[in-house]
Amino acid sequence: MADRPLLEGVTVLDLASVGPAARAARWLADWGADVVKVAPVPRDDGIQITPPTYAYSAHRGMRRVMLDLKSDAGRDAFLRLAADTDVVIESFRPGVIDRLGIGYDALRDANPGIVLCSTTGFGQTGPRAGWAAHDINYLAVAGYLHCSGRDERGTPALAGATIADSAGGGLQAVAAICAALTARSTTGEGTHLDVSIADGVLSLMSLAVDEYLAEGVEPGPRHGLLTGRYAWYDLYEASDGGWLAVGAIEPHFFANLCRALDCGQWADQQYDDDAVDAMRADFAAAFATRTRDEWAADLGPADTCVSAVLDIPGVVADEQFGARRSFVDAVHPRAGALRQVSAPLAGQVDATTLAVPDFDEPDTDEVLAGVGIDADTLAAWRAEGAIA
């Protein structure tokens with residue numbers, strides 16, 4: 001466990017309610033940043049986007065202010081906060097924050113060292129910059145779905161997680177923010193980060209794309225060793241209907257697998273394309289003789305790169321994640337007890353110290369008073385509906 005939070009002393013204003021930017025704020029808070037979510041004031045005719053209680057780990061360790069950024073007072077309040085902030089995260093469409101008067105130029109005037117992270121689907125520039133899209137769309141345009149396996153209809157299989165939002169957007173934003181803060185420590189200057197989710201997915205696809213650029217080969221499902229071309233990197237059904245994932249890439253791991261499955265006849269034909277179908281059939285027949293957990297218990301520790309395909313209850317009960325303190329218990333002010341996925345680097349940061357807030361009771365007065373706004377001003381702003 002770290003002696004102190006990794007991002008202790010870093011303050012973040014998060015304008016996002018859902019999606020990659022909200023995921024980025026989640027991870028920054030888990031690493032010790034003081035994250036303040038900026039939400040709109042309630043309106044009778046407005047639609048408040050409120051994720052389920054469990055989403056984004058119930059915003060543990062965060063506070064929230066409610067501001068009307070379309071009002072002069074709400075904008076002034078935000079800029080006062082920004083003057084004492086390290087990072088602003090936003091996920092509006094390109095140009096929106098400038099129209100609100102809180103774009104990078106305005107933020108830099110208030111705080112030359114501020115880091116603004118704009119996380120959008122396609123970035124701030126380009127012909128798709130203003131397009132609406134979601135996770136499936138970014139996976140589609142960056143080649144991920146084309147290179148994925150096919151379902152029973154022959155259709156590219158949907159991903160089992162929000163890969164674009166998380167790895168293509170949220171984690172890219174976190175990495176960019178940490179890099180910008182590191183640069184600022186030597187230059188004193190902030191920056192405006194243009195994080196595109198589609199660009200992030202493209203970076204995840206670099207092995208396939210670079211192969212095409214270098215050799216003109218067009219990757220697709222079962223094209224390469226990582227997409228199922230060979231029998232030793234595939235999924236197999238066990239006797240109880242459970243599944244096993246096999247990834248025996250290195251020759252010695254492949255040899256171990258062949259011996260364990262009593263398929264030694266294939267040990268010297270790992271990359272023989274003519275042998276793939278027969279090898280896959282023999283592997284499938286072998287795996288079908290025992291249950292998933294029997295195979296996993298024997299093959300997992302035997303240097304064969306075989307793992308059980310776990311469902312979510314199985315993941316939660318898994319001994320490895322338990323040993324890594326990958327889950328924490330929390331109490332939500334309204335929903336009660338919650339068990340949650342812990343912070344990244346769970347063994348080095350302690351998410352159990354982060355309280356789950358009650359966002360029905362915003363922290364607006366506390367946060368704004370913390371940057372020197374007096375009680376009379378707060379009362380006047382609240383009376384005109386600029387804050388809540």
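The values are calculated or read from the model by the stated rules, or taken from the named source; none is laboratory data. Just so it is clear, the structure is predicted and the values come from calculations on it, not from any experiment. Glycine also receives a Cβ, built like all others from the backbone with ideal geometry; neighbour counts cover every protein chain displayed.
A few remarks follow.
- Unmet criterion (only one of (1) touching a residue at least 40 places away in the same chain (Cβ under 8 Å); (2) farther than 17 Å from Gly228 by Cβ) for Val309: (2)
- Residue check for Val367: surrounded by 13 or more Cβ atoms within 10 Å (Cβ to Cβ), under 21 Å from the mean Cα position of the chain (by Cα) and on the phi < 0 side of the Ramachandran plot: no
- Within the stretch 117-136, being under 16 Å from the mean Cα position of the chain (by Cα) and surrounded by fewer than 19 Cβ atoms within 10 Å (Cβ to Cβ) holds for His134, Ile136.
- Test: residue in the stretch 179-191 that is at pLDDT 95 or above, charged (D, E, K, R) and surrounded by fewer than 17 Cβ atoms within 10 Å (Cβ to Cβ): yes
- Only a single criterion out of (1) farther than 15 Å from Leu299 by Cβ; (2) in contact with a Leu (Cβ under 9 Å, 6 or more places away or on another chain) is not satisfied by Asp199, namely (2).
- The listed residues are Arg150, Arg128, Arg108, Arg63, and the only one of them that is at pLDDT below 95 and not aliphatic (A, V, I, L, M) turns out to be Arg150.
- Residue match in the stretch 131-142 (condition: within 30 Å of Leu79 (Cβ to Cβ), assigned by TED's automatic domain parsing to the domain that holds Ala82 and out of contact with any strand residue (DSSP E or B) (no Cβ under 6 Å at 6 or more places or on another chain)): yes
- With respect to the conditions (1) surrounded by fewer than 17 Cβ atoms within 10 Å (Cβ to Cβ); (2) closer than 19 Å to Val41 by Cβ, Gly74 falls short on a single one, namely (1).
- For Tyr230, the stated conditions hold: it is assigned to a loop (DSSP other than H, G, I, E, B) and either under 27 Å from the mean Cα position of the chain (by Cα) or not hydrophobic (A, V, I, L, M, F, W, C) (or both).
- Residue pairs meeting the criteria (Cβ under 7 Å; at least 6 apart or on separate chains; first farther than 13 Å from Leu354 by Cβ, in the stretch 316-342; second among the charged types (D, E, K, R) and in a strand (DSSP E or B)): Phe327/Arg339; Ala337/Asp329; Arg339/Asp329
Per-residue answers, yes or no, for (1) surrounded by fewer than 15 Cβ atoms within 10 Å (Cβ to Cβ); (2) of a type in the set (A, V, I, L, M, F, W, C):
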residue	(1), (2)
Ala297	yes, yes
Gly314	yes, no
Ala317	yes, yes
Arg324	yes, no
Phe327	no, yes
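- Scope the stretch 251-271; condition in contact with a helix residue (DSSP H, G or I) (Cβ under 7 Å, 6 or more places away or on another chain) and aromatic (Phe, Trp, Tyr); matching residues: Trp266
- Check on Thr162, assigned by TED's automatic domain parsing to the domain that holds Thr85, over 26 Å from Arg128 (Cβ atoms) and free of Cβ contacts under 8 Å to residues at least 40 places away in the same chain: no
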